[in-house]
Amino acid sequence: MAVLGGGAAGFFGAIACAEANPALQVVLLEKTGKFLGKVRISGGGRCNVTHACDTAAQLVAHYPRGSKQLKAAFQQFGVADTIAWFASRGVQLKTEADGRMFPSTDSSETIAQALEEAARRAGVRLLPNVGVDEVQATSTGGFTLQLSGAGTARHGRTLHATRLLIATGGNPKSANYDWLRALGHTVAEPVPSLFTFNVPNSPLSELMGVSVPQARVVLAGEKLQYEGPLLVTHWGVSGPAVLKLSAWGARRLNELGYVGTALVNWIPTFTEETLRAWLQQFRQENGKKTVAANPQFGLPQRLWRSLTEQAGVAPDTRWSDLPAKTQNRLLELLLRYPLAVRGKTTYKDEFVTCGGISLEEVDLKTMGSRRVPGLHFAGEVLDIDGITGGFNFQAAWTTGYLAGQALAAAPTARL
C-alpha cells in the first residue's frame with residue numbers, strides 16, 4: 001500500500017494502516033526532503049494540534065467546506081480520539097483559553113517526532129525526495145506510479161501498489177490537480193483560504209502591532225462578517241477575525257479579486273443606538289475629561305488617539321465641548337471603520353486551500369473513492385478546509401485515520 005504525501009494526513013493514514021495490519025507493507029512517499037513540514041511551522045512553531053470541542057456537532061461548525069459531510073467522520077474519530085492517540089505515545093496536549101490545543105512542550109517538534117517514531121515502530125517505509133508524476137489504475141485493480149525526484153535514483157522510477165492513499169495537501173494552482181482529474185475525479189476549483197488583508201496607505205499603518213481582543217469585520221456589500229481578535233500590521237490587518245472571514249468568504253473574495261471595503265466595528269457589543277445612549281451619559285458624567293487622552297471601551301491608547309484624530313477631535317478638546325458633528329464622525333469610525341482592501345497575504349506560511357477532490361465522489365466513512373476502487377484520500381487534497389484554531393489538523397487526523405483503517409481491512413497483496 002502506498003501513501004502519497006508526507007504531511008499530517010499522510011503520516012496518520014500510513015500509521016493507522018500499518019498498525020491495523022502489520023502484515024501489509026506500507027510505503028510513504030514525500031516529494032521534498034523534509035517530512036511534516038507544515039506540522040513543524042504551524043502555530044508559530046508550537047503546532048495547534050486540534051481544538052477543544054466536546055461533540056462532532058460543535059466541531060463541524062468550524063468548517064466552511066465539508067461541515068455537513070464530516071459529522072459522521074468526527075463521530076468515528078474526533079477530538080477526544082486525537083488527544084488519546086497522542087497521549088498513548090507520550091505526548092500530552094494542553095488547552096488554551098480560546099480552545100486551541102497545543103503540546104505541553106509548546107514545540108511542534110514534539111508532534112513531528114511522535115508521528116515519525118510511530119511510523120517507524122509500525123514499519124512504515126519512508127521515502128523522501130520521491131514525487132509522483134502520474135498515477136495509472138491497472139486492469140487488475142492496482143496502481144502504477146511514475147516517480148520523479150532525487151530519491152528515484154535509489155528506489156527506481158516505477159512503483160506498483162494494490163491500494164493507494166493520496167494525501168498530497170492543497171494547492172492554489174488548478175493545473176496541479178490534473179493528474180487527479182486524469183483518474184476520473186472532479187476537482188472543486190482551488191482558491192486561497194486563511195489569509196490576511198492588504199490595505200495600502202492605511203491610516204492605521206503607524207499602529208503596527210496594536211491588537212483588539214474583540215472586533216467585528218464586515219465586507220461591505222456582502223453577507224460576510226466575523227468577530228474575533230484583530231491585529232494591525234504594517235501591510236493591513238490580520239488576526240482571527242480577518243482569517244476566519246477570509247475562510248468563510250474564500251470563493252467570493254476570489255471572485256472580487258481581493259478588492260473591496262472591510263468595515264471594522266472596534267466595539268461589537270454596541271449598536272449605534274446603545275453607543276449614542278452610552279456617550280450621552282458619559283459626557284454628562286465626565287465632561288471635563290479630554291477626549292483624546294482618555295481611551296474608552298478598553299481600546300488601546302494608540303488606536304484611540306488615532307481614531308479621535310481622524311474624527312477631527314483636537315488634542316485638548318473636552319467631552320463637554322465635543323461638537324455633535326465631530327462626535328458623529330467618531331461614532332462612525334468606532335462602528336464602521338473603512339479599510340480599502342487591495343489584495344491578500346498568506347498567514348505565517350500556513351497556506352490553506354479552499355477546493356479539492358469533490359466530496360460527492362468520496363465515501364466519507366472510509367475516505368474511499370467512489371470512482372476508482374482501491375483509491376483513498378485524506379487531508380486538504382479533499383474539498384475540506386477549516387478556520388484557524390487547529391481545525392485543519394483535526395480534519396487531517398480524522399480523514400487519515402479512517403482511510404488508513406479502511407485500507408488495512410481491504411484485501412490486498414504485499415504492496
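The condition of being free of Cβ contacts under 8 Å to residues at least 40 places away in the same chain and closer than 26 Å to ALA23 by Cβ holds for only one of ARG121, ARG125, that being ARG121. Among the candidates VAL212, VAL259, the residue that is of a type in the set (A, V, I, L, M, F, W, C), within 22 Å of the chain's Cα centre (by Cα) and loosely packed, with under 14 Cβ neighbours inside 10 Å is uniquely VAL259. Residue count for the stretch 285-341 under the criterion of being over 28 Å from LEU231 (Cα atoms) and outside any helix (DSSP H, G or I): the result is 9.
In this structure, is GLY374 modelled with pLDDT of 95 or more, small (Gly, Ala, Ser) and over 20 Å from the mean Cα position of the chain (by Cα)? So GLY374 fits the description; yes.
Select, from SER108, SER148, the only residue that is touching a Lys or Arg at 6+ places or on another chain (Cβ under 6 Å) and either surrounded by fewer than 21 Cβ atoms within 10 Å (Cβ to Cβ) or under 20 Å from GLY13 (Cβ atoms) (or both). Before you say what the answer is, go through the steps one by one.
Working: SER148 fails: touching a Lys or Arg at 6+ places or on another chain (Cβ under 6 Å).
Checking each option against the conditions leaves just SER108.
Among the candidates LEU243, LEU230, single out the residue that is assigned to a helix (DSSP H, G or I), in contact with a Phe, Trp or Tyr (Cβ under 9 Å, 6 or more places away or on another chain) and outside the structural domain of PHE393 (by TED's automatic domain parsing). Going through LEU243, LEU230 in turn, just one is assigned to a helix (DSSP H, G or I), in contact with a Phe, Trp or Tyr (Cβ under 9 Å, 6 or more places away or on another chain) and outside the structural domain of PHE393 (by TED's automatic domain parsing): LEU243. Being touching a strand residue (DSSP E or B) at 6+ places or on another chain (Cβ under 9 Å), of a type outside the set (D, E, K, R) and assigned to a loop (DSSP other than H, G, I, E, B) is the requirement here; does CYS53 meet it? Considered against the rule, which asks whether it is touching a strand residue (DSSP E or B) at 6+ places or on another chain (Cβ under 9 Å), of a type outside the set (D, E, K, R) and assigned to a loop (DSSP other than H, G, I, E, B), CYS53 comes out as no. Could you tell me whether the stretch 256-271 includes any residue that is of a type in the set (Ser, Thr, Tyr), in contact with an Asp or Glu (Cβ under 8 Å, 6 or more places away or on another chain) and free of Cβ contacts under 8 Å to residues at least 60 places away in the same chain? Within the stretch 256-271 (the criterion being of a type in the set (Ser, Thr, Tyr), in contact with an Asp or Glu (Cβ under 8 Å, 6 or more places away or on another chain) and free of Cβ contacts under 8 Å to residues at least 60 places away in the same chain), the answer is no, since none of the residues qualifies.
Screening SER202 on (1) modelled with pLDDT of 95 or more; (2) in a loop (DSSP other than H, G, I, E, B); (3) of a type in the set (S, T, N, Q) shows it passes everything except condition (1).
Mind checking which residues of the stretch 184-193 are surrounded by 15 or more Cβ atoms within 10 Å (Cβ to Cβ) and either at pLDDT below 95 or not in a loop (DSSP other than H, G, I, E, B) (or both)? Quick ask: steps written out before the conclusion?
As a first pass, look at the stretch 184-193 and keep what is surrounded by 15 or more Cβ atoms within 10 Å (Cβ to Cβ): 185, 187-188, 190-193.
Of everything in the stretch 184-193, those that are surrounded by 15 or more Cβ atoms within 10 Å (Cβ to Cβ) and either at pLDDT below 95 or not in a loop (DSSP other than H, G, I, E, B) (or both) turn out to be VAL187, ALA188, PRO190, VAL191, PRO192, SER193.
In the stretch 111-145, of all residues being touching a Leu at 6+ places or on another chain (Cβ under 6 Å) and β-branched (Val, Ile, Thr), the one that is surrounded by the most Cβ atoms within 10 Å (Cβ to Cβ) corresponds to VAL130.
Cβ separations smaller than 8 Å between residues 6+ apart or across chains give no pair from the stretch 206-219 residues that are closer than 13 Å to VAL242 by Cα and without any contact (Cβ under 8 Å) to a residue 40 or more places away in the chain to residues that are hydrophobic (A, V, I, L, M, F, W, C) and surrounded by 14 or more Cβ atoms within 10 Å (Cβ to Cβ).
The values are calculated or read from the model by the stated rules, or taken from the named source; none is laboratory data. Only a predicted model underlies this, so the values are computations on that prediction, with no experimental measurement involved. We place every Cβ from the backbone using ideal geometry, glycine too, and count neighbours over all the protein chains shown.
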